[in-house]
Number of protein chains: 2
Amino acid sequence: MSKKIHSISCLNCSSWNKSVFCDLQSDQLENIDNHKSSDFYEKGETIFKEGGFARGLFCVKKGKIKLSKMGPSGKEQIIRFAKDGDIMGYNSMLSKSKLSSTAVALEGSIVCFVPANDFFGLIKSDPNFSLKMLELTAKNWNEASRLITDMAQKTTKQRLAEMLLWLKETFGLDEENCINVKLSREEIANLVGTATEAVIRLIGELKKEKLISLDGKRIKLLDIHGLAMLANRLE
Amino acid sequence: MSKKIHSISCLNCSSWNKSVFCDLQSDQLENIDNHKSSDFYEKGETIFKEGGFARGLFCVKKGKIKLSKMGPSGKEQIIRFAKDGDIMGYNSMLSKSKLSSTAVALEGSIVCFVPANDFFGLIKSDPNFSLKMLELTAKNWNEASRLITDMAQKTTKQRLAEMLLWLKETFGLDEENCINVKLSREEIANLVGTATEAVIRLIGELKKEKLISLDGKRIKLLDIHGLAMLANRLE
DNA sequence: ACAGTTTCATGACAAATATCATACTTTAAA
DNA sequence: TTTAAAGTATGATATTTGTCATGAAACTGT
């Protein structure tokens, strides 16, 4: 189970300035501080489950989280990731529907929980916050519509290349150009939307083509431009 | 080219109550009235183009519109539809990015244009409107994430069944259980994310399986439950 | 009514991908 | 450390789907 930890103030949060709360005044943050709670989740722990009820907003203080949906035949589909400063669960709250995805920690993560009332209070009282939220949801839509098009039109190999680039953009690269997140082959398959075996084979091909290399379990990007070409990114 | 037509007041608009503007006060609507314009678009006409700049919001007074993205190899991908009371172009405005899709009329349609300033004015001044917009964008996300999962995991035939049901839910059925919108096979293919030939073949199969029948160009749904089973809809 | 164009339809074939079977390898647990 | 379990890898095969070719049917404008 997740461990309740001592909440530090949003004012001192290392991820505050990356978050949607970055423009709030200190009295607004204090109000959140008074009602929020913070939890630590081990790698593999579930933060919330698809189909559940959203009583509030989750904000990632530190960590890496995958958000996935159950496909029709019980196969997981990773929809997006959340990292430091990202928020989760707001779509269900806003649309007053069940949580549309499951959140699982990819590594030890600290996640704060802000009750729905405080969130809606901000929206009612602070137009700038609303605008910030709208900006966020609009960006999400742009991402999503691109993803729909990619899923529908690109080959598995192109999608794999695309996802490797997406992972790079989301989590960045370490000193050795390795993608800064650990995913199993199965998780990559659940992101690309294919079978695990296919991912294994295609990673092998990308390796042969000198686009990537494997440093243990870590994936090193050797030729980012080549990957972008393969993924058929026009922009 | 589209024809500029005489704008009638939002107060008398037949689609007003279905729209995101339904809770506005008459003075707010009058303000929109003073700045908006209305245009008629013939079937096949383009309302706006992907990559363009969003100077405002498009609101469908009457009609049926497809919103699509260009895929990497130049193939159109239909992302969503808009009908009476639906708005378009707001995601690009909100995220301050280029229009992420192209809007084309599927039949003669009347579309009003509301300048960005008025839209942002509403958001700044009316928290209820912001909330309504957030509700809308959140619902869009839920739709989109479902669509991503479907595209990634379902077979072409399942996706076709899924899309037929989606069309039914979006545009409804006429007296004879036919889907209330006319799409070419190619457009259906661009919605399902497959080749036109595949759609033609699969429509043939669905016909043989007595799930649908063809009444000229119109698609009649014979067995909605059967289609839902095939599409593997769990809920 | 006509020719020209587009849309719809079907077959043959090639390519991509899923599935199943089976090892090997690493990680975790006893 | 040993054993079990999970994750990774590879081959063989079947299925699905895309592509190309061709022809019929429906629509369009003159």
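The values are calculated or read from the model by the stated rules, or taken from the named source; none is laboratory data. Remember, it's a predicted structure, so these values are computed and weren't measured experimentally. Note: ideal-geometry Cβ built from the backbone for every residue, glycine included; neighbour counts use all protein chains shown. SASA here: full protein model, heavy atoms, side chains in, ligands and nucleic acids out. Shrake-Rupley method; radii C 1.70, N 1.55, O 1.52, S 1.80 Å.
Structure values in brief
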read-out: Hits in region B:61-75 (condition: more than 8 Å from chain A (Cβ to nearest Cβ), open to solvent by less than 40 Å² (accessible area, probe 1.4 Å) and farther than 18 Å from A:T137 by Cβ); value: B:K61, B:G63, B:K64, B:I65, B:K66, B:S68
read-out: Residue in region B:83-95 that is more than 7 Å from chain A (Cβ to nearest Cβ), assigned to a helix (DSSP H, G or I) and within 16 Å of DNA strand D (Cβ to nearest atom) present; value: no
read-out: Qualifying positions in region B:9-35 - buried (at least 18 other Cβ atoms within 10 Å of the Cβ) and in a loop (DSSP other than H, G, I, E, B); value: B:C13, B:S15, B:S19, B:V20, B:F21, B:L24
read-out: Residue list for region A:98-119, restricted to those being among the β-branched types (V, I, T) and more than 14 Å from chain B (Cβ to nearest Cβ); value: A:V104, A:I110, A:V111, A:V114
read-out: From B:K210, B:K182, B:K220, residue being away from DNA strand C (no atom under 12 Å from the Cβ) and under 25 Å from B:V104 (Cα atoms); value: B:K220
read-out: Any hit, region B:176-185, residues being under 28 Å from B:V20 (Cα atoms), away from DNA strand D (no atom under 14 Å from the Cβ) and not hydrophobic (A, V, I, L, M, F, W, C); value: yes
read-out: Residue count, region A:138-157 (criterion: open to solvent by 30 Å² or more (accessible area, probe 1.4 Å), closer than 20 Å to A:L202 by Cα and not basic (K, R)); value: 3
read-out: Cβ pairs under 7 Å, 6+ apart, first in region A:183-204 and without any contact (Cβ under 8 Å) to a residue 24 or more places away in the chain, second in a loop (DSSP other than H, G, I, E, B); value: A:A189/A:A195
read-out: Test result for A:E76, of a type in the set (D, E), modelled with pLDDT of 95 or more and within 16 Å of DNA strand C (Cβ to nearest atom); value: yes
read-out: Filtered residues of region B:76-86 (kept if within 26 Å of B:C10 (Cβ to Cβ) and open to solvent by 10 Å² or more (accessible area, probe 1.4 Å)); value: B:R80, B:F81, B:K83, B:D84, B:D86
read-out: Hey, B:L122 more than 9 Å from chain A (Cβ to nearest Cβ) and over 25 Å from B:T46 (Cα atoms) or not; value: yes
read-out: Sole exception among (1) surrounded by fewer than 20 Cβ atoms within 10 Å (Cβ to Cβ); (2) more than 30 Å from B:N91 (Cα to Cα) for A:L202, by number; value: (1)
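Listed here are the residues, each with its yes/no results for (1) more than 20 Å from the chain's Cα centre (by Cα); (2) of a type in the set (S, T, Y); (3) in the same structural domain as A:S68 (by TED's automatic domain parsing); (4) at pLDDT below 95.
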position: A:E169; (1), (2), (3), (4): no, no, no, no
position: A:R185; (1), (2), (3), (4): no, no, no, no
position: A:A189; (1), (2), (3), (4): no, no, no, no
position: A:G193; (1), (2), (3), (4): no, no, no, no
position: A:T196; (1), (2), (3), (4): yes, yes, no, no
position: A:R201; (1), (2), (3), (4): yes, no, no, no
position: A:E205; (1), (2), (3), (4): yes, no, no, no
position: A:R218; (1), (2), (3), (4): no, no, no, yes
position: A:G226; (1), (2), (3), (4): yes, no, no, no
